[in-house]
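Report on the following structure.
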Amino acid sequence: DYVLKKSDQAEYISRIVSRVYKNQGIKVLVVDDSTSVRDWISRILMRQGLTVLQAEDGRAATKVFYKNNDIKLVLTDYYMPEMDGLELTAHLRSIRSMEELSIVVLSSDSKSRTAPLFLKQGANDFIQKTASVEEILCRVNSNLEFIELIQASRDRANKDYLTGLWNRRYFFEYGTPIYEQGMTAGNELCVVMLDIDHFKKINDTYGHDAGDEVLKDFSSLLADYIGDVGLVSRFGGEEFTVLLNGIQADELFDFLEDFREEVGSFSVDFKGQVITLTVSIGATANMDESLTVMVSRADDKLYEAKRTGRNKVLC
Ligand code: GH3
Ligand code: MG
Ligand code: MG
Ligand code: MG
């Protein structure tokens with residue numbers, strides 16, 4: 001038998017430990033009509049740090065799935081009453097892409113046509129029930145890693161590296177359908193542009209690293225303030241854009257004015273130096289054209305706020 005060298009063994013163990021650590025809070029759903037199989041698999045998955053939910057067949061699984069939209073992996077049996085594993089796989093794949101959900105089948109069916117049948121329906125993996133616990137765990141973990149890699153590369157493409165906010169490209173990519181649906185549904189959507197005042201002076205006075213720190217802290221403040229009511233992005237440099245979905249036109253000014261005041265009383269501590277800042281804000285609630293037009297209208301208001309003295313909100 002092949003045995004891992006001592007040095008490789010140490011690396012293998014540290015990989016397992018870090019996997020167990022990463023698994024904390026990750027939800028997986030175990031689907032099997034046999035209570036003993038379900039409990040046995042659940043136990044070994046829980047030992048990997050995973051949060052395990054259970055269902056006794058496909059029908060029950062879809063119910064659990066609808067209540068827990070953050071399930072990352074489904075480990076399902078093939079033959080079950082009501083809805084079998086194949087139907088469940090097809091159904092789940094039709095509502096969740098491979099980027100969001102991994103489907104792993106664990107079956108005692110060893111016919112050569114069975115595994116490809118599942119893979120063609122969108123399963124990520126097919127494991128025989130005779131497989132060792134070690135093999136099951138390796139496959140579950142590598143399928144979870146697959147989703148994480150996709151998520152990480154998506155974040156690299158859509159998020160701003162410094163602040164962690166969505167970038168300008170994603171703002172339009174994700175914001176445009178929200179805007180269009182909002183138009184059709186008659187929701188009130190607002191677009192906001194924010195620009196830190198005399199930011200160049202902060203860089204000149206305290207240095208570029210301090211400027212970066214201000215951008216990061218300002219971004220967190222803005223993201224916390226907006227919360228669930230909007231899509232926040234770093235548009236570029238020290239400029240930020242928000243698509244608000246949930247603030248009425250008549251409350252827009254007060255909502256933004258409160259944030260402007262919050263920024264005014266906020267300070268950044270950089271290596272013992274206390275840096276204060278102000279922000280100018282332009283916004284519009286007047287929706288009759290595209291998101292792009294709304295952004296440029298908000299930008300016009302921002303420009304006016306800058307021209308007429310800064311540290312103010314104009315809608
Ligand atoms: P105004 O009130 O008119 O907006 O003046 P301002 O100084 O804020 O605007 P200006 O456009 O003249 O300068 C923006 C500065 O932001 C210039 C640029 O070097 C700096 N900047 C852009 N991106 C970054 C960044 O990622 N980090 C740091 N530290 N500075 C940045
Ligand atoms: Mg069964
Ligand atoms: Mg500025
Ligand atoms: Mg600017």
Margin query: Whether any residue in the stretch 229-244 is away from ligand 3 (no atom under 15 Å from the Cβ), among the hydrophobic types (A, V, I, L, M, F, W, C), farther than 14 Å from residue 196 by Cα and out of contact with any helix residue (DSSP H, G or I) (no Cβ under 8 Å at 6 or more places or on another chain) is what I want to check.
Written below: yes
Margin query: Please pick out the residue among 295, 313 that is touching a Lys or Arg at 6+ places or on another chain (Cβ under 7 Å) and either touching a residue at least 12 places away in the same chain (Cβ under 8 Å) or buried (at least 21 other Cβ atoms within 10 Å of the Cβ) (or both).
Written below: 313
Notebook entry, point to check: Is there a residue being farther than 18 Å from residue 237 by Cβ and in contact with a Lys or Arg (Cβ under 9 Å, 6 or more places away or on another chain) anywhere in the stretch 160-169?
Noted result: no
Note to self: Would you confirm, using the coordinates I've provided, whether residue 194 is away from ligand 1 (no atom under 16 Å from the Cβ), buried (at least 20 other Cβ atoms within 10 Å of the Cβ), assigned to a strand (DSSP E or B) and not charged (D, E, K, R)?
What the structure shows: no
Check: Can you pull out the residues in the stretch 170-210 that are within 16 Å of ligand 4 (Cβ to nearest atom), of a type in the set (A, V, I, L, M) and under 18 Å from residue 233 (Cα atoms)?
Finding: 192, 193, 194, 196
Next item on the list: Determine which member of the set 296, 290 is of a type in the set (Ser, Thr, Tyr) and either closer than 17 Å to residue 245 by Cα or in contact with a Pro (Cβ under 6 Å, 6 or more places away or on another chain) (or both).
Entry: 290
Notebook entry, point to check: Only one of 160, 197 is farther than 22 Å from residue 252 by Cβ, of a type in the set (Asp, Glu) and in contact (Cβ under 8 Å) with a residue 40 or more places away in the chain; which?
Noted result: 160
Item checked: Condition met for residue 294 (in a helix (DSSP H, G or I) and not aromatic (Phe, Trp, Tyr)) -> yes
Next item on the list: Report yes if residue 22 is more than 23 Å from residue 74 (Cα to Cα), of a type outside the set (Ser, Thr, Tyr) and at pLDDT below 95, otherwise no.
Entry: no
Checklist line | Every residue from the stretch 211-241 that is within 16 Å of ligand 4 (Cβ to nearest atom) and β-branched (Val, Ile, Thr) | finding: 214, 241
Next item on the list: Can you work out which of the residues in the stretch 273-291 that are in a loop (DSSP other than H, G, I, E, B) and among the hydrophobic types (A, V, I, L, M, F, W, C) is modelled with the lowest pLDDT?
Entry: 287
Note to self: Only one of 267, 280 is farther than 13 Å from residue 193 by Cα, touching a strand residue (DSSP E or B) at 6+ places or on another chain (Cβ under 6 Å) and either of a type in the set (S, T, N, Q) or within 16 Å of ligand 2 (Cβ to nearest atom) (or both). Can you tell me which?
What the structure shows: 267
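The values are calculated or read from the model by the stated rules, or taken from the named source; none is laboratory data. Since the structure is predicted, the reported quantities are computational estimates derived from the model, not experimental observations. Reconstructed Cβ throughout: ideal geometry from the backbone, glycine too, with neighbour counts over all protein chains shown.
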